[in-house]
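One structure below.
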Amino acid sequence: MNKLKKITSYRLFLPLVCLAFVLLLNVIKTPSFFQISVNNGVLYGYVIDVINRASELVILAVGMTLVVAASGGTDISVGAVSALSGAVCCCVLSGGEQSTNEYHAPYILGVLVAVLVGLVCGAWNGFLVAKMRIQPMVATLILFTAGRGIAQLITDGQMIYVRVEHFKQLGAFIKGIPLPTPVFVAVIVVILTTLLLKKTALGLYIETVGINAKAARLVGLNSVMIQFLTYAFCGLCSGIAGLIITSRVYSIDANNAGLNMELDAILAVALGGNSLGGGKFSLLGSVIGAYTIQALTTTLYAMSVPADQIPVYKAIVVVIIVSLQSPELMRMWKNFKNRIGAGKKVA
Amino acid sequence: MDNGVVLTMRHIDKNFPGVVALSNVDFTLRAGEVHALMGENGAGKSTLIKVLTGVEEFESGEIRIEGREGAIINRSPQEAQANGISTVYQEVNLCPNLSVAENLFIGREPKKAGLIDWKTMNKKSKEILDNLDIHIDVTRTLDNYSIAIQQMIAIARAVDMSAKVLILDEPTSSLDDGEVEKLFVLMRKLKDQGVGIIFVTHFLEQVYEICDRITVLRNGTLVGEYEVENLPRVQLVAKMMGKDFDDLAAIKKEGVSTVKKDQVVIDAKGLSHTGTIKPFDIEIHRGEVIGLTGLLGSGRSELARAIYGADKADKGELKVNGKKLLVGAPIDAMMAGMGYLPENRKEEGIIADLSVRENIIIALQAKRGMFKLLSRKEQEEFTDKYIDMLQIKTADRETPIKQLSGGNQQKVILGRWLLTNPDFLILDEPTRGIDIGTKTEIQKLVLKFAAEGMAVMFISSEIEEMIRTCSRMAVLRDGMKVGELEENELNQVNIMQAIAGGDKG
Ligand SMILES: Nc1ncnc2c1ncn2[C@@H]1O[C@H](COP(=O)(O)OP(=O)(O)OP(=O)(O)O)[C@@H](O)[C@H]1O
Ligand SMILES: [Mg+2]
């Protein structure tokens, strides 16, 4: 009994239960869900697909977690910033042509520029939120709407293709490695971020600022700087995600790349058991949340739910999961059980 | 119920994970009495009140209230209110961004045609506060006012919701003598109307001034219920602490001065912060405990905040240990060797969701910088050291600070600053909400640190406490430093005169 209590009070217990719940749903609907086959030296299967497809979301959720924790607000521009980063990268590599079969600039330059664009966008958001004290939702709304517009300007409103095998590797496979590349990128981002949070005092600083900014200032923390950093970091993550998104389809469609990803990223944070009000957070929780969402999406596709109906089903599952985690509901349930119990005793 | 009993609590049990907060506690309240609930920090006073008012659930026991058949369980403060129990909790929990009037009437706003009738609300609010001699603009938001005023507003709100039982959990900890007097007048009026009042406080004088009966708790258990006349002060303290203790014994060694007049730590010239404190000069030496005294709102805290950079000084010059220092933010002051325990514990002190450990090490960690993380082992050693030194009552070092009793939270914050080993420590109401035994311990600690060479700025509304600890005092009035009192001038009469603006100062 005591052991059980210990397990259920573990922070990541509920997020893990949610993930298990979605996986169970998968197994029931598609018995072949956990099957993995080897084909041409690379792994295939639903599970691999989920892990692969979730990579961008995981990366965005990492950035989002820090933003939420430090500022108690969300960055709704991450999808648009991803698109913008991707667009800039493609433009640099294609030398401005609509379609190219060879790089017009070193690949590394494209990557650096994309990441830099993400960072600059994040810094802009951070400046507005931390320094100008604008509501996060409003501040990031600017890039949410303008980001794709700027991307359109850069691409001249056209799709840009980079048809170079090397360019596709980031979103697909590197020769000789059985797992898709995005999986590694996501894992590396998670590990590096975790190290950054745990090996320096940054994690503690972020939580402190998120919980009580006034007290944080009086104990010598620079709340403005810390919030700014989280937004800049989130922008950086968006840049990396943008690279993967474009590499998958070796092109950029500024209108659709990363569309609605901000919502999934915010959701991943919430599913991870993190309060959207800021403060204490669990990065691992958000990561689990991100995989949960992708598992759900993949299931729905596997069940051949039409793409435009997917949000409805997603919403239903999300409502269930979120209410599972709500302490208020737990209390109501406990009261209810007590009353039933009391009633029985009387009878 | 008979003999005018309005409320009984019997065999109340309440556990928190790892803590027995209440075990088999009884409590009885009669109509028209003021009943003190006493005990050390963490004894279970606030928990008993939260159980009664439905903020916390309890495991077993029963509560009965006059006028209601059978045992009742309040599931929320609203339910308690409906049962005639109105409460002012230990931590002011009003809404800082609503107006004073809204705070007074939240949840029971006067309506006209389904809409809030602002005019009536503001008018009534003004009447309520005028009755208490509080003259403020009720349409401004609450955060414009000091905690003392906020506390009075919370009390006014509770009192206005006419009730059979009124609970005041440490309402006087942020009030000055004048305001306490006002509150007592009000309490006596209610008492005459037959309201039963539960009064939690750590101020013994107040107990003997206004209370009829005392219930003492220790470590979550009931020690006993006593009539005030039959329980002299020494005995009361012994009952609370479980051992004999003389809280009034002298702690300062007469004639032994630790002040090193030749070593100036803080030298401020013409420092000011527009709107809160007018330009002041102050010189503080090593080994000195300097007190700041004055009425509430006289600028005591504001003077300290200007030095520390909590409110950035906009004029004047500050020298620390002889070197000129520009304080842009508190971290600059910290790096120069300052520490600051703020007055408002909940808003500016605790980091509620973080553990006791994290709350203790955060200031030192901020000082060291982001890349020099204290190892887990160091963190735990430091934490244990201060839990031990200040006798912080906590289930574990990883317990979130918000789960500690009010007084124990205060000790954690004090530990946070001692850990940074400052040359100059500002303590703004450091003993607020702290029990009588620990209060003496803290006063002794302050003197000990001063003897070791620390300079301390001590702010307290309790003149007694100031006389016990300070070696010099600066007097403030209306946002201005108006004078100083030297050690040989420190006595109740002189200080009162200086504060009020007599010939002295
Ligand atoms: N929410 C909570 N979770 C866990 N423990 C708690 C919680 N609230 C109170 N406690 C514990 O219960 C005990 C009693 O606390 P309580 O707040 O009632 O003390 P108190 O008598 O009011 O003390 P003080 O004089 O410091 O206000 C303390 O040990 C405290 O740590
Ligand atoms: Mg208390």
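Of B:I413, B:I426, B:I401, which residue is more than 16 Å from ligand 1 (Cβ to nearest atom), among the β-branched types (V, I, T) and within 20 Å of the chain's Cα centre (by Cα)?
B:I426
Listed here are the residues, each with its yes/no results for (1) of a type in the set (K, R); (2) over 19 Å from the mean Cα position of the chain (by Cα); (3) not in a helix (DSSP H, G or I).
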| site | (1), (2), (3) |
| --- | --- |
| B:E441 | no, no, no |
| B:F449 | no, yes, no |
| B:S461 | no, no, yes |
| B:M466 | no, no, no |
| B:A474 | no, yes, yes |
| B:K481 | yes, yes, yes |
| B:N488 | no, yes, no |
| B:M496 | no, yes, no |
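Taking the stated definitions as given, is B:N24 within 26 Å of B:I392 (Cα to Cα), polar (S, T, N, Q) and surrounded by fewer than 19 Cβ atoms within 10 Å (Cβ to Cβ)?
Yes.
Going by the structure shown, is B:V456 over 30 Å from B:D388 (Cβ atoms) and open to solvent by less than 30 Å² (accessible area, probe 1.4 Å)?
So B:V456 fails the test.
Could you tell me whether any residue of the stretch B:176-197 is open to solvent by less than 20 Å² (accessible area, probe 1.4 Å), within 20 Å of the chain's Cα centre (by Cα) and within 16 Å of ligand 1 (Cβ to nearest atom)?
Scanning the stretch B:176-197 turns up no residue that is open to solvent by less than 20 Å² (accessible area, probe 1.4 Å), within 20 Å of the chain's Cα centre (by Cα) and within 16 Å of ligand 1 (Cβ to nearest atom).
Give the stretch B:327-366 a look and list any residue that's in contact with a Ser or Thr (Cβ under 6 Å, 6 or more places away or on another chain), farther than 20 Å from A:K198 by Cβ and not hydrophobic (A, V, I, L, M, F, W, C), or say none.
Passing the criteria: B:G339, B:E343.
Check whether at least one residue in the stretch B:45-53 is away from ligand 1 (no atom under 14 Å from the Cβ), touching a strand residue (DSSP E or B) at 6+ places or on another chain (Cβ under 6 Å) and not charged (D, E, K, R), and report yes or no.
No, because not a single residue in the stretch B:45-53 is away from ligand 1 (no atom under 14 Å from the Cβ), touching a strand residue (DSSP E or B) at 6+ places or on another chain (Cβ under 6 Å) and not charged (D, E, K, R).
Tally the residues that are within 14 Å of another protein chain (Cβ to nearest Cβ), polar (S, T, N, Q) and loosely packed, with under 14 Cβ neighbours inside 10 Å, restricting the search to the stretch B:67-83.
Going through the stretch B:67-83 one residue at a time, the tally reaches 1.
Quick one: in the stretch A:154-209, of everything that is of a type in the set (F, W, Y) and away from chain B (no Cβ under 14 Å), which residue is surrounded by the most Cβ atoms within 10 Å (Cβ to Cβ)?
Here the answer is A:F167.
Regarding the stretch B:415-436, can at least one residue be identified that is free of Cβ contacts under 8 Å to residues at least 12 places away in the same chain and either in a loop (DSSP other than H, G, I, E, B) or open to solvent by 20 Å² or more (accessible area, probe 1.4 Å) (or both)?
yes
Name the single residue that is nearest to the chain's Cα centre (by Cα) among those in the stretch A:44-98 being surrounded by fewer than 24 Cβ atoms within 10 Å (Cβ to Cβ) and charged (D, E, K, R).
The qualifying residue nearest to the chain's Cα centre (by Cα) is A:R53.
Give the number of residues within the stretch B:372-397 that are open to solvent by less than 70 Å² (accessible area, probe 1.4 Å) and either within 16 Å of ligand 2 (Cβ to nearest atom) or closer than 17 Å to B:D353 by Cα (or both).
Matching residues across the stretch B:372-397 total 5.
If we scan the stretch A:277-284, do we find a residue that is modelled with pLDDT under 90, surrounded by fewer than 21 Cβ atoms within 10 Å (Cβ to Cβ) and not basic (K, R)?
Yes, that holds for at least one residue.
Condition (residue is more than 30 Å from B:E302 (Cα to Cα) and polar (S, T, N, Q)) applied to the stretch B:157-172: is it met by at least one residue?
yes
When you scan the stretch B:25-52, how many residues do you find that are away from ligand 2 (no atom under 13 Å from the Cβ) and either in contact with a Cys (Cβ under 9 Å, 6 or more places away or on another chain) or polar (S, T, N, Q) (or both)?
5
Out of the residues in the stretch A:210-229 meeting the condition of being open to solvent by 20 Å² or more (accessible area, probe 1.4 Å) and either hydrophobic (A, V, I, L, M, F, W, C) or within 15 Å of B:L373 (Cβ to Cβ) (or both), tell me which one is nearest to the other protein chains (Cβ to nearest Cβ).
A:I211
Results for (1) within 27 Å of B:T394 (Cα to Cα); (2) within 16 Å of ligand 2 (Cβ to nearest atom); (3) open to solvent by 50 Å² or more (accessible area, probe 1.4 Å), shown as yes or no for each residue.
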| site | (1), (2), (3) |
| --- | --- |
| B:G220 | yes, yes, no |
| B:E227 | no, no, yes |
| B:L236 | yes, no, no |
| B:K239 | yes, no, yes |
| B:D246 | yes, no, yes |
| B:T258 | no, no, no |
| B:K261 | no, no, yes |
| B:D267 | no, no, no |
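Taking the conditions exactly as written (touching a Gly at 6+ places or on another chain (Cβ under 7 Å) and more than 9 Å from every other protein chain (Cβ to nearest Cβ)), does B:K385 satisfy them or not?
It is false that B:K385 is touching a Gly at 6+ places or on another chain (Cβ under 7 Å) and more than 9 Å from every other protein chain (Cβ to nearest Cβ).
Is it fair to say B:M466 is more than 16 Å from ligand 2 (Cβ to nearest atom) and buried (at least 24 other Cβ atoms within 10 Å of the Cβ)? Outline the logic, then answer.
Details: more than 16 Å from ligand 2 (Cβ to nearest atom): yes; buried (at least 24 other Cβ atoms within 10 Å of the Cβ): no.
Taking the combined requirement at face value, the residue does not satisfy it.
When A:D253 is evaluated against the numbered criteria (1) modelled with pLDDT under 95; (2) away from every other protein chain (no Cβ under 14 Å); (3) surrounded by 24 or more Cβ atoms within 10 Å (Cβ to Cβ), which criterion, by number, is the only one it fails?
The one condition A:D253 does not meet is (3).
List, please: which pairs have Cβ atoms under 6 Å, are six or more places apart or on different chains, and start with a residue in the stretch B:284-306 that is under 14 Å from B:P342 (Cβ atoms) and end with one that is of a type in the set (S, T, N, Q) and open to solvent by 10 Å² or more (accessible area, probe 1.4 Å)?
Short answer, once both residue conditions are applied: B:E302/B:T276.
Need the failing condition index for A:K198 against (1) part of a helix (DSSP H, G or I); (2) of a type in the set (K, R); (3) farther than 26 Å from A:I226 by Cβ, just the number.
(3)
Only one of these conditions is not met by B:A352: (1) within 14 Å of another protein chain (Cβ to nearest Cβ); (2) away from ligand 2 (no atom under 16 Å from the Cβ). Which number is it?
(2)
It is to be established whether one or more residues within the stretch A:208-220 are touching a residue at least 40 places away in the same chain (Cβ under 8 Å) and either farther than 30 Å from B:V327 by Cβ or in contact with a Leu (Cβ under 7 Å, 6 or more places away or on another chain) (or both).
yes
Please go through the stretch B:93-110 and give me each residue that is open to solvent by 30 Å² or more (accessible area, probe 1.4 Å) and among the aliphatic types (A, V, I, L, M), ordered by number.
B:L94, B:L98, B:I106
The values are calculated or read from the model by the stated rules, or taken from the named source; none is laboratory data. On a predicted model such as this, the values are computed, not experimentally measured, just so you know. Ideal geometry is used to build each Cβ from the backbone, glycine not excepted, and the neighbour counts take in all protein chains shown. These area figures cover heavy atoms from the full protein model, side chains too; ligands, DNA and RNA do not enter into them. Shrake-Rupley method; radii C 1.70, N 1.55, O 1.52, S 1.80 Å.
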